[in-house]
Amino acid sequence: MSSLDLRNLKINVGGKPIVKDFSLTVPKGEVHALMGPNGSGKSTLAKALAGHEDYEIVGGEAFLNGQNILEMETDEISRAGLFMAFQYPSEIPGVSIANFIRAALTARLAENEELDAAQYYRRLYEKMDLLKIDRKFTARSVNEGFSGGEKKRCEILQMAMLQPQIAIMDETDSGLDIDALRIVSEGVNTMRGPNLGILLITHYQRLLEYIVPDRVHVMWDGRIVRSGGKNLALELEEKGYDWVKEEVAAV
Amino acid sequence: MPATIEKETSSESIAIDRDIGNFKYKEDYSYDAGTGLSEKTVEYISNVKNEEEWVRDFRLKALKIFESKPTPTHWASKDLENIDYSKIRYYLSKGQQPSRTWDEVPDDVKETFERLGIPEQERKFLAGVEAQFDSEAAYSNMKTKLAEEGVIFVGSTEGLKEHPEIFRKFFGKVIPTGDNKFSALNSAVFSGGSFIYVPPGVHVKQPLQAYFRINAENFGQFERTLIIADEGSEVTYMEGCTAPKFETTTLHSAVVELVAMKGARIQYITVQNWSENVFNLVTKRGMAMEDATIKWIDCNIGSRLTMKYPGVILKGRGARGEVLSIALANDGQHQDTGAKMIHAANDTTSNIIAKSISVGTGRSSYRGLVQMPKHLKNCKNNTECDALLINTNSRTDTYPAINVRGDGNSVQHEASVSKVSAEQIFYMQQRGLSEAQAMSLAVNGFVNDLIREFPMEYSVELKRLIDLQMEGSVG
Ligand SMILES: Nc1ncnc2c1ncn2[C@@H]1O[C@H](COP(=O)(O)OP(=O)(O)OP(=O)(O)O)[C@@H](O)[C@H]1O
Ligand SMILES: [Mg+2]
């Protein structure tokens, strides 16, 4: 069964239609890139799928492993296997990364189960090493005072720890320097596999050189206007969005 | 590995009240002063306690002062006007003599404290326990070794009777009867509370604990605590409290006086978890002599209205006073808390860290007073008040009164107000935490650095209470 299945989604923000008729299927094991000009509705789609209450889904359907997520709360959707790496991650003062991730993992356990602390830290350090995050970061408050790139790495660390089935990564590449981009991409690549589907929102071809997508979709004014293989991204880089706009207009 | 591994909180947390304390037993009292307050009430209390003449006079004088003092509406909530003193029961007990063993405690009372986990905590980590049920201590005991060292830990009734020479010397000296309307009320009808004396040089390693339980409806609990740490001694005292949730109001008005002699150290810890029908109007103050330290750790989670401003009079040179407080005001609650530091000698230092959390319609205020007269030298105060707001209609107020004169003295004051935003909650929920868990985590993050200063058992308990409160605040 496909993992993330979106059919004719319509999403309003403050009464205004932003996502207009959006259909997409991301099967497990695949990486789909979603590109599109600023303001085309990519983050809106991501937040709406995560259950943000400001983003009103007024039409269509959304399934995660066959489960209708439009009727679920944000935390239920998360525990059902959807992870979102935020474009702008929030800061949580006073809550250390280690405690935060532990709380998130504990929320996935049955009431009488408990996380094995030693095992937890072993895994945490392993993932931090993979993403080349200094171990000192475990004691730092979530995202507080982090540089842009550190925030993005911390998102991927959480993703690695929570092991979602579908990950929506919203501009994880923005703010990363060249080395960090490579490290984060390698981290994501090690997570790739038959049990993970990724929707990768990005503006840049550069990321897609590291994380090679199975499909590329172009979003414009709330819909997908073009889909293709990885070469579509190259074409976009070369010709810009006007090219897509002209094509859409021509149809 | 790693210095980066965080302090693990023990899973065997020792809870003070696993069931939030919302349960009660049938009332069955041998001594009942009836409803309402008059000289007769005061005399009844004095009679059942078989008190000396001076105590009775002290009480009657206090009653007059209480009656003559107006309700302090100018500095606190209007809600105080809703207390009807004529409808309150001022003394209820099964007897004045506490048992020394749990087996001798009446079954219903024993069961109450067992449900609250008190005997278990006593076995695990306490040096002594006093368990008060309505007006009197039902149980009071301390490790024999401490008794051999000369430590006294009894109820106020017993203290007055058995150790009048020490009791009388300090009683009402740190907090005079007329300090405020509620200290006067307590002075008139006080019953229960602890009397502690630690002889010179004795370090009481494990904490002494008192647990205050209100069981009866329309009841007023007025315990009176006096702790004297003689030269170079050390003691930690912890108090906890609960009451069942009644429709009608309940009044708790305690007076707590601490005296730390030269070089002594007193740490007083409160975890206040009264049910939301309790008016909690408490006066707490300590006097620190030369090089002595008094530290109040004051956590207010429960009650309808709390008004409490623990203070330290820094009387001897080099004395140190500290107030670390956490107040959580949930829907419908008002936590009016703060601290008072009265510098009265050179080289004295005081530190106040107050953190408040307001949720929904909950309201918290900080009221501080720092006094450093002109003639003093080299005195220091540091005050930090931080407020956290959850949901837009919460409010918080800060009223720091800092009265500092003299060039050689220094004061630092910092205040902050922050909010838990919807985006932060969304972020945490996206990681799988429920809304209540997300709020708890945000609150825990806010108080974390302060909680780290608390003894382990209490920090675990406090975190658990915060979780419960947050669960309750999310429909
Ligand atoms: N909470 C909000 N309130 C009002 N308008 C919003 C809100 N969120 C999104 N919008 C509007 O919806 C439109 C789509 O925004 P969105 O953030 O989804 O774009 P995007 O495709 O992610 O753009 P970018 O590439 O710049 O990140 C924009 O016009 C934006 O202003
Ligand atoms: Mg965006």
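The values are calculated or read from the model by the stated rules, or taken from the named source; none is laboratory data. All values reported here derive from a predicted model rather than from experimental measurement. Methodologically, a virtual Cβ is constructed for each residue, glycine included, from the backbone with ideal geometry; neighbour enumeration extends over all protein chains shown. For the accessible areas, the whole protein counts, side chains as well, though only heavy atoms, and no ligand, DNA or RNA atoms are used. Shrake-Rupley method; radii C 1.70, N 1.55, O 1.52, S 1.80 Å.
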**Q.** Test item: A:82-89 mean partner chain Cβ contacts at 10 Å
**A.** 2
Q.
Give me the one-decimal nm value for the distance between modelled label points at B:GLU149 and B:ASP407, 7 Å along each residue's Cα-to-Cβ direction.
A. 4.7 nm
Q) For the pair A:SER147 and B:ARG317, what calculated FRET efficiency results from E = 1/(1 + (r/R0)^6), where r is the Cβ-Cβ distance and R0 = 45 Å, to the nearest 0.05? A) 0.40
**Q.** Residue-level accessible surface for A:VAL225, protein heavy atoms, 1.4 Å, Å²
**A.** 40 Å²
Q: Specify which residue in the list B:GLY338, A:ILE168, A:ALA48 is farthest towards the positive end of the charge dipole of the protein assembly as shown, using unit charges on the beta carbon of Lys, Arg (+1) and Asp, Glu (-1), about the Cα centre.
A: B:GLY338
Q) In peptide A:97-105, what is the residue-averaged number of other protein chain Cβ atoms found within 10 Å of each Cβ? A) 4
**Q.** Accessible area expressed per residue, chain A, with surrounding protein chains retained (probe 1.4 Å, Å²)
**A.** 44 Å²
Q) Quick one: Debye curve from the C-alpha atoms of segment B:200-340, no solvent, what's log10 I(q)/I(0) at q = 0.13, 0.16, 0.20 Å⁻¹? A) -0.55, -0.78, -1.09
Q. If A:HIS217, A:HIS203, B:HIS413 are ordered by their accessible area, calculated over protein heavy atoms with a 1.4 Å probe, which sequence runs from highest to lowest?
A. B:HIS413, A:HIS203, A:HIS217
**Q.** Kyte-Doolittle mean at least -0.5 and Cα axial length at least 18 Å: DSSP H helices in chain A
**A.** A:148-162, A:178-191
Q. Want the number for A:LYS20 to A:GLU61: 0.36 nm per residue separation, take away the alpha-carbon distance, what's left?
A. 13.5 nm
Q. FRET efficiency for B:GLU217 and A:SER227, Cβ-Cβ distance as r, R0 = 56 Å, nearest 0.05?
A. 0.20
Q: About the Cα centre of chain A, how large is the charge dipole given +1 on each Lys and Arg Cβ and -1 on each Asp and Glu Cβ? Please answer in debye to the nearest 20.
A: 320 debye
(Q) Please list log₁₀ I(q)/I(0) at q = 0.18 Å⁻¹ for segment A:131-189, using the Debye equation with identical point scatterers on the alpha-carbon positions. (A) -0.60
Q: Provide the FRET efficiency to the nearest 0.05 for the B:HIS203-B:ASP449 pair, computing r from the beta carbons and using R0 = 30 Å.
A: 0.65
**Q.** Residue order for B:TYR399, B:TYR268, B:TYR31 - accessible surface, 1.4 angstrom probe, largest first
**A.** B:TYR399, B:TYR31, B:TYR268
Q) Who wins for biggest fluctuation among A:PRO27, A:PRO164, A:PRO93 in a Gaussian network model of chain A, springs between alpha carbons below 10 Å? A) A:PRO93
Q | Cα centre as origin, Lys/Arg/Asp/Glu Cβ charges: segment A:103-160 dipole, Debye | A | 360 debye
Q: Show B:LYS110, B:LYS340, B:LYS161 ordered by accessible area, largest first, where the area counts protein heavy atoms only and the probe is 1.4 Å.
A: B:LYS161, B:LYS340, B:LYS110
**Q.** CD proxy at 222 nm, helix term only [per DSSP H run n ≥ 4: -39500 (n - 2.57); per residue of chain B; nearest 500]
**A.** -7000 deg cm²/dmol
(Q) Please compute the average number of Cβ atoms from other chains found within 10 Å of each residue's Cβ in peptide A:48-55. (A) 2
Q. By what distance, in whole Å, do the Cα atoms of segment B:204-271 stretch along each of the three principal axes, largest value first?
A. 47, 20, 12
Q. Over all distinct alpha-carbon pairs, what is the Kirkwood Rh of segment A:147-251 in angstrom?
A. 14.8 Å
Q | Loss of accessible area when A meets B, both sides summed, Å² nearest 100, probe 1.4 Å | A | 2600 Å²
Q | In Å², nearest 10: area of B:ILE451 left accessible to a 1.4 Å probe | A | 0 Å²
Q) When the dipole is taken about the Cα centre of segment A:122-214, and only Lys, Arg (+1) and Asp, Glu (-1) are charged at their Cβ, what size is it in debye, to the nearest 20? A) 400 debye
Q: With a/c under 1.5 counting as rounded, go ahead and sort chain B into rounded, prolate or oblate using the C-alpha gyration tensor (a ≥ b ≥ c being the square roots of the eigenvalues; past the cut-off, prolate if a/b is larger than b/c, else oblate).
A: rounded
**Q.** Computed [θ] at 222 nm, helices only, for chain A once each DSSP H run of length n ≥ 4 contributes -39500 (n - 2.57)
**A.** -11000 deg cm²/dmol
Q: Can you send over the solvent-accessible area of A:TYR125, 1.4 Å probe, protein chains only, in Å² to the nearest 10?
A: 0 Å²
Q. How much length is gained on full extension from A:GLU73 to A:ARG108, taking 0.36 nm per residue of separation minus their Cα-Cα distance?
A. 11.1 nm
Q. Considering only protein heavy atoms and a 1.4 Å probe, what is the carbon-and-sulfur percentage of the accessible area of segment B:33-192?
A. 49 percent
Q. Using the Cα gyration tensor of the protein assembly as shown, with a ≥ b ≥ c the square roots of its eigenvalues, what is the shape: rounded (a/c below 1.5), prolate (a/b larger than b/c) or oblate (neither)?
A. prolate
Q | Positive minus negative residues near B:THR236 (Lys, Arg vs Asp, Glu; Cβ under 12 Å) | A | 0
Q.
On a straight-distance basis, which lysines could pair with B:LYS315 in a cross-link, Cα separation under 19 angstrom, same-chain partners fewer than 8 positions away excluded?
A. B:LYS169, B:LYS173, B:LYS262, B:LYS284, B:LYS295, B:LYS340, B:LYS374, B:LYS377, B:LYS380
**Q.** For B:ASP57, net neighbour charge (Lys/Arg +1, Asp/Glu -1) across residues whose Cβ lies under 13 Å away
**A.** 0
